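These notes are about the structure you will find just below.
The values are calculated or read from the model by the stated rules, or taken from the named source; none is laboratory data. Please read these numbers as outputs of a predicted model, since none were measured by experiment. A quick note on method: Cβ atoms are made from the backbone with ideal geometry, for glycine too, and the neighbour counts reach across all protein chains shown. Quick note on the areas: whole protein, heavy atoms, side chains included, nothing else; ligands and nucleic acids left out. Shrake-Rupley method; radii C 1.70, N 1.55, O 1.52, S 1.80 Å.
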Amino acid sequence: MAVVLVATMVMLSAVRPGAAESAASPYVTSYTVPYANSEPTHIISLGADEVWFTLQNDSAIGRLVVAGNGQPTFTRFPTPTANSAPYDLAYDGQYIWFTERQGNRIGRLTPGTGAISETVIPTADSQPTGITVTPDGNVWFVQRATNKIARYNPGGGTFDEFTYPTAGAQFEDVAAGRNDSIWATAPGLNQVIQLFPDNAPSQQFEIVPVLDFGLQPWPPAQIAVDDEKPWITAPSKDLVGRYAPGTLSYWRWYELFHEGTGARGLFLQRMGEYYYTWFTEPDGGRAGLLITHRSRATILTLFEQPLPGSSPRPMSITADPNGTAWITAPGVNAIMAWRQPYFYQGYLPATFGQ
């Protein structure tokens with residue numbers, strides 16, 4: 001456990017209007033980020049038509065608000081540390097927490113003022129990537145370069161780091177489960193890891209291989225957890241999967257329509273009896289929506305939407321209270337909105353028996 005110093009700084013760029021560009025589909029709108037080559041990466045929503053996102057190449061957090069008349073406004077919040085490469089972000093109801101992949105720091109942003117504070121991670125050059133916040137206020141993140149899952153306690157300013165015993169995990173994403181457990185994707189080992197931080201060291205980690213019955217395992221990317229069952233994307237296999245404990249394959253896989261698309265981004269919504277699982281396909285330039293029964297895990301709808309631009313390479317996806325899906329598209333330096341009803345009535349998505 002280590003105690004570290006925290007530096008606070010407010011650096012708010014001038015608010016800048018953006019331009020809206022209509023996609024081939026009338027339900028997708030592309031908003032060009034007005035900071036050149038900024039590489040928007042991960043995204044969250046704090047309200048209807050309001051999203052926040054990381055700008056890796058610009059060492060900043062971005063905010064986009066779209067007014068009722070359709071006018072977009074971008075705001076840029078630079079990190080105090082230069083060349084920090086902000087990567088992922090999470091909201092705890094008061095603050096936005098984010099990882100600085102190259103800055104080796106955890107950042108905290110106050111949405112109302114734009115104030116940013118940074119906390120140095122005890123392990124040098126750890127390359128923090130995925131981040132989440134648990135109901136008790138602790139901030140959890142994974143370290144790609146040092147094989148660790150870490151917890152930061154904002155109240156005490158302390159860190160706990162849990163080293164995974166098998167080298168080469170290359171941790172990417174993290175999500176909180178029930179019973180104080182933490183889930184993380186380890187693409188370097190083709191595994192999903194469940195951490196029980198309160199257990200004895202020899203019993204802290206459980207391994208779930210990422211595979212299908214009779215096949216060699218493959219790397220996971222993003223993860224989301226609900227009902228204590230994680231969902232993941234599998235870029236090399238064009239799959240979205242839901243954990244199915246007790247089965248030979250460990251996972252219930254949902255195959256996308258297109259091959260070579262690289263399913264990556266993931267956002268999970270519980271909608272009554274159903275899951276709405278949003279995903280991105282960087283190699284195919286698409287975003288998708290998978291609707292399944294929560295209890296039976298059967299598919300109701302699967303739809304994949306082409307995105308505008310020659311090579312948008314969509315990375316991350318989220319959804320706001322209005323049901324609009326928001327997508328980062330670093331390939332064209334844009335944020336995209338995919339609005340209801342999501343598809344042409346004359347071009348319906350695939351639907352399956354209930």
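Across the chain, the longest run free of exposed loop sites, meaning chymotrypsin sites (Phe, Trp or Tyr not before Pro) lying outside DSSP classes H, G, I, E and B with no more than 12 other Cβ atoms within 10 Å, spans 1-212.
Rolling a 1.4 Å sphere over the protein heavy atoms, what is the accessible area per residue of the chain, to the nearest Å²? Write out the running numbers ahead of the final one.
Values: 14440 Å² over 354 residues.
Solvent-accessible surface per residue comes out at 41 Å².
Distance between the pseudo-spin-label points of THR134 and THR298 (7 Å out from Cα toward the beta carbon): 3.7 nm. Net length available on complete extension from ASP92 to GLU228 is 47.0 nm, with 0.36 nm assigned per residue and the Cα-Cα distance removed. Here each label is just a point 7 Å from Cα along the line to Cβ, and for PHE213 and GLN340 those points are 3.9 nm apart. Taking a ≥ b ≥ c as the square roots of the eigenvalues of the Cα gyration tensor, the chain is classed as oblate, since a/c reaches at least 1.5 and a/b does not exceed b/c.
Of MET336, MET315, MET271, the residue with the greatest mean-square motion in the GNM of the chain, using alpha carbon springs below 10 Å, is MET271.
Measure off 7 Å from each Cα along the Cα-to-Cβ vector at LEU46 and ALA167, then give the distance between these two points in nanometres to one decimal. Between LEU46 and ALA167, the label points sit 4.2 nm apart.
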